[in-house]
Structure formats: structure tokens, C-alpha cells
Amino acid sequence: MLKTGLLFVFFALAVCDIAIDTTTDARNNAADDYGHIVSHFPLGVATPQDANELSDIVLFANSARVPIAAVGQAHSVKGQAQVEDGIVVNMTNINSINVFENDNFAWVGAGATWRELLQATLTFDLTPPVFTDYIDLSIGGTLSVGGVGSQTFREGLQIDNVLALKVMTSDGVVQLCSATENSDLYHAVLGGLGQFGIVVEAQINLVPAYANTLYVRTLYADIDDFLADLFVLTNDERFDGVQGFVVANDAAGLASATGNAFPDLEVPIGDFPWLYMIEGSKYYADGDVPDVQTLIGDLNHIPEDAVNVLELTYFEFIARLDPTEAFLRSIGAWYLPHPWIDVFVPRSESSSYILNELSLITSADVNGVILVYPYLNDPIQALNFPLPDSEEIVLFALLRTAVPPERALELSEDNDEIYERARAVGGTGYSIDAITLEPKEWKKHFGNQRYKDLKDAKELYDPNHIFAPSQFVFKDKSKCNNQDDDDDHHYDDNNHNDDDDHHNGHNDDDDDDDRSDDSDDRSDDSDDRSDDRSDDRSDDSDDSDDSDDRSDDRSD
Ligand SMILES: Cc1cc2nc3c(=O)[nH]c(=O)nc-3n(C[C@H](O)[C@H](O)[C@H](O)COP(=O)(O)OP(=O)(O)OC[C@H]3O[C@@H](n4cnc5c(N)ncnc54)[C@H](O)[C@@H]3O)c2cc1C
């Protein structure tokens, strides 16, 4: 079947004058990502040079019902940009960058990376306000998930700083959308997991860039002191960036987690296996170095040797993970499986939640970074980014490396439990994770009303469900991988609409789904995100079989 499928796609694309790489190398490469956990093998890889070539590919895929997924830097951890028996669209050549320095924005091709955008904007002493910690991610890739960074506590997410988008929907047409024009498409696409179209270009907000950053790190032995100070710093905004970490309470672990930032500190301190670290970053102009004592003099960190201060250029700070990446590549850890998990919990639950999670793991279960990032709810306005119903929020994340690699599945399963424990205290997940969410779980993630809105947008902009199927947002895994045995190349029989269906964008199955959604949603007419969040949580009791479903699906 695969061979026939390949031939079909190859000939069809040749007729349409579209180049597709069907070599084993290209297909293997596209069936891998930073997670190295799952592999969905595509029929081939297309690399459009511009929106016209992209349009040919999208039109072909839509008419032939071949699933399609854009890929930026493939730094997903569980196959989110892969596509079984479909076409992977490598976006890296759609990477133009035009900085409008007098208007403080840039139009950026979605295949460009945040590093490339930063390099271009710094020429004009401008910068995007929010960066992910690691900047070799594509614009399209992070705008599809959210994009959190050290500045998020004040500036919101990367998707909160997008002024407009050019999105190619399944009809092959580029649609301009913003908060005031085609706003349903704009809000659906930002954090929309690639479900509604392919982002071709994004208009990104820019702010003046300082030349330098004072990078201050300090340690804590007590989690409550640590959390209290994190929120002192986020609330009074004395720093431009604030982040927290859990680090091992032993000499080797502390040195490796901090780049030996605290060489004179005697560890262990006490008998708990973990310490905590706050990183504050303060931007400044040349010759105007901020006073460290003013910045951290009133904090309750471990005294004396537990403070490290570096003067970096702004670029060095934003690209601060460059040395870490080089090191991880050199020892091979970059290429091992990465079963990551990120959850958001309300500040009020964060101390007990984190202590419990830390009691269940050792350093050997992580082999990577443990994040404790403080956020405030207000600056995060994006509709597709559900957060706990709390003004102060904590992101807790295990950025694991599976050592040995055979532990990847076991650690992914542990992630499901970490996620459920977060939900039990009013938490939410970040959609980038190595956990298996399918429609029922995504509905709980987004909340009833938002999920219904997104489902409506899906039917409008991608009625044949061709885009990014491996996110499993609207169709579960078994349907997405259910290629017909008779070689008719429809990726999902349930989506094989007849002509009438095309006109109204619905099919029978989906009408059924919609009906059940409607009944689920009867008591939830509010658009209010916080309502969605609390409804969301109460869904738990209704869907108590969900975790069973997930483990069943994995064994499938
Ligand atoms: C080392 C590392 C560090 C990270 N640090 C952070 C961090 O600090 N903060 C944070 O928020 N996240 C972070 N992430 C997670 C990262 O933001 C997401 O995994 C992101 O989606 C990866 O971008 P990418 O270009 O690799 O996307 P890909 O993996 O290529 O794609 C991700 C999803 O987006 C879709 N997509 C890609 N391009 C487009 C497009 N043009 N149009 C529509 N859909 C598209 C894909 O189909 C897929 O569904 C990190 C990940 C790694 C591996």
C-alpha cells in the first residue's frame, strides 16, 4: 500500500509541477524530531520557496485528502510536526524578514527562526519583547503553541505579541488576519497547533533593545522562600526577566546545572536532595550597570556565596543556551529521547505540588532542567492558552533526557500522571509536551466553549482535516492512522466528504460530534476563559475513564 501511495503522490505532484523528496533519507528525517520518541513516516517532504509553491502543495493535499504538516525546526517532542502517509512541508525557505523600524514591527516568514529575527531587528536597536529560552525555534512553530520566556510574566506570550498573520488555509489562499480583521482565524491560529492553516508570515511587535543584560543568579534551600521571592520579583518588575529552577543539592549536580556558578558554596545544604535557583535579568544601556544590592538586597536567598552575577550583551543573554546546546551535542545527549512535561499550577498549590513531584523523582529521572517559572495571568491574553484560574501561576517542567533511551516510554507514561496531578489541583498543561492527548483530553484542555469554537474554525478553514493530524486535536490516533486498505488515498474515511459536505464544511461524523458537544456545552454558554477553566476541571469527574483511554491508545 505504501509503495502505491508513494507512486500516487509522486505522479500527482509531478503533474502539478511540485517537487517532493521521497527518498528514504528525507522520509526518515521527517519522521523524527527533538523528542526521538515517536515516528510517523510521511510519503515525502516538500520544501516550498514561496507562498505560490506552498499553495500548489496545499491545494493538491486538500483535493487528494492527503494529510499535511508544516515543520519548522522539528523541536517538537512527540511527533507533532510529523504526518503518517502524508506530506511534510519544510518551511525553512519561507524565511524573509522585513523590519519596519519606524513602526516597531517586523513581517517575518514563518520558517525563519527567532535567532534570525533577533539578528535582523538588533540592526535597528529593536527586539521582539519575548523570547523562548532557546531561540533556534521557528516563528511558525512557537506561534502554533504559545511561546513562553523569561519576559512572559510582564510581556505575555510570544503569541500575545503578534499583530497580524498571513495564513494559508486549505483552499490554498493566503488570508490576512488580526485582532480586528478575520479575528476568528487569527485567534484560532495563535496557539492553534497548526490545525487551521499554515502560517506564511507573522507581523511581530518590536520594542527598543538595550545593549546589555545583568544576569543575576541566587540560590535557596527553602521552597516557600524561593516561591515568595519569585513573586516579589514578578509583581514589582524590578527585573526584565525572572525564572526559577530546581537544582541538585550536591556539588556535581549544582555545578552542571549552573555552569559552576557557585564554586565556593558548600553543598549539600540540609538533607533534601534539591535546591532552588532564581535567575533575574536586567537590561541596561552601555555604562549604566544596575546595582546588584538594589536588585536582590531584600531577597531571602542563601547568603554570601550563593550569588552569581554576569554582565552579558543583550544578544548573549537571549542566546544564553548556546553553550549548553554545544555541550549537549558534544556528549550526545541532544540526540537522546526527550520526554518533556510542562504544567501550570495555581500559585496557592505550587509549593505542595512541586514538593510532591520532587519526592517522586531523582536526578536520574530527569537528566535535564527542572523549571519553576512564575507568571501573572493578566499579560497572557491569548485564547488558546488555558491557564489555572489564579492571578499568580507557576510553570513546573521536567525537561528530561531519557537515559538510557529505553526509558522514554516509561517516563512519558509518568508524564501523564504528572499532568493529571496538576489538573487535580486546578492546573493545566502546555501543548508542547510528550503526553498523549486526543480529542477528549484536548476538549478538557481548552475548555468546552473554546474547543467548540476551535472545532467550528476547523470545519470552516480545514473541512477535510488535512492539517497537522499528529496533534490529534479533532480526530483520535486510530482515525488519523486509518489509511484505507483499497489504496484510495483518503487519509480518513470519516473525512471523505461528498460534494454537499464540501459546501457546508460538515460530514455526518462531525455532525454527530457537534451534537454531543452541544449537549456537553449546554450549561456553558460563557466565553469567559476562567469559566472555561473551572468547567474544564469539573469535566474530570465526567470523564474518569480518560486515563484508561490514553493507556489503551498507547498500546494500540
Ligand atoms: C531545546 C528546546 C527549548 C525550548 N524552549 C522553549 C521555551 O523556552 N519556551 C517555549 O514556549 N517553548 C520552548 N520549546 C518548545 C517549542 O516552543 C515548541 O516545541 C515549538 O513548537 C517548536 O518549534 P519548531 O519550529 O521546532 O516547531 P515544529 O516542531 O517544527 O512544529 C511544531 C508544531 O507547529 C506546527 N507548525 C510549524 N510551523 C508551522 C507553520 N508555519 N504554520 C502552521 N503550523 C506550523 C507543526 O505542524 C507542529 O504541529 C523548546 C523546545 C526545545 C526542543
Would you say LEU137 is open to solvent by less than 10 Å² (accessible area, probe 1.4 Å) and in contact with a strand residue (DSSP E or B) (Cβ under 8 Å, 6 or more places away or on another chain)? no
In region 68-118, which residues are out of contact with any strand residue (DSSP E or B) (no Cβ under 9 Å at 6 or more places or on another chain), of a type in the set (S, T, N, Q) and in contact (Cβ under 8 Å) with a residue 12 or more places away in the chain? SER76
Tell me the residue from ASN93, ASN98 that is on the phi < 0 side of the Ramachandran plot, within 13 Å of the ligand (Cβ to nearest atom) and not aromatic (Phe, Trp, Tyr), please. ASN93
(1) of a type outside the set (Phe, Trp, Tyr); (2) over 27 Å from ALA30 (Cβ atoms); (3) surrounded by fewer than 24 Cβ atoms within 10 Å (Cβ to Cβ) all hold for SER63 apart from (2)
VAL267: within 23 Å of SER363 (Cα to Cα), open to solvent by 30 Å² or more (accessible area, probe 1.4 Å) and touching a helix residue (DSSP H, G or I) at 6+ places or on another chain (Cβ under 6 Å), yes or no? yes
So in region 393-406, with the set limited to residues that are touching a residue at least 60 places away in the same chain (Cβ under 8 Å) and buried (at least 19 other Cβ atoms within 10 Å of the Cβ), which one is farthest from the chain's Cα centre (by Cα)? ALA402
Quick check on TRP114: is it among the aromatic types (Phe, Trp, Tyr), modelled with pLDDT of 95 or more and within 10 Å of the ligand (Cβ to nearest atom)? yes
Here is a list of conditions, (1) part of a loop (DSSP other than H, G, I, E, B); (2) aromatic (Phe, Trp, Tyr); (3) more than 13 Å from the ligand (Cβ to nearest atom), and TYR134 meets all of them except one; can you say which number that is? (3)
Got a sec? Which of SER390, SER348 is among the small types (Gly, Ala, Ser), in contact (Cβ under 8 Å) with a residue 40 or more places away in the chain and open to solvent by 30 Å² or more (accessible area, probe 1.4 Å)? SER348
Residue list for region 269-304, filter: assigned to a strand (DSSP E or B) and in contact (Cβ under 8 Å) with a residue 60 or more places away in the chain: TRP274, TYR276, MET277, ILE278, GLU279, GLY280, SER281, LYS282, TYR283, TYR284
For region 413-437, which residues satisfy the criterion of being at pLDDT 95 or above, within 16 Å of the ligand (Cβ to nearest atom) and over 26 Å from GLN151 (Cα atoms)? ASN415
Out of all the residues in region 154-189, which are free of Cβ contacts under 8 Å to residues at least 40 places away in the same chain, away from the ligand (no atom under 12 Å from the Cβ) and either part of a helix (DSSP H, G or I) or not small (Gly, Ala, Ser) (or both)? GLN175, LEU176, CYS177, THR180, GLU181, ASN182, SER183, TYR186
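The values are calculated or read from the model by the stated rules, or taken from the named source; none is laboratory data. All values derive from a computational prediction rather than experimental measurement. Neighbour counts are summed over all protein chains in view; Cβ atoms, including those assigned to glycine, are modelled from backbone coordinates with ideal geometry. With ligands, DNA and RNA removed, areas are computed over all heavy atoms of the protein, side chains included. Shrake-Rupley method; radii C 1.70, N 1.55, O 1.52, S 1.80 Å.
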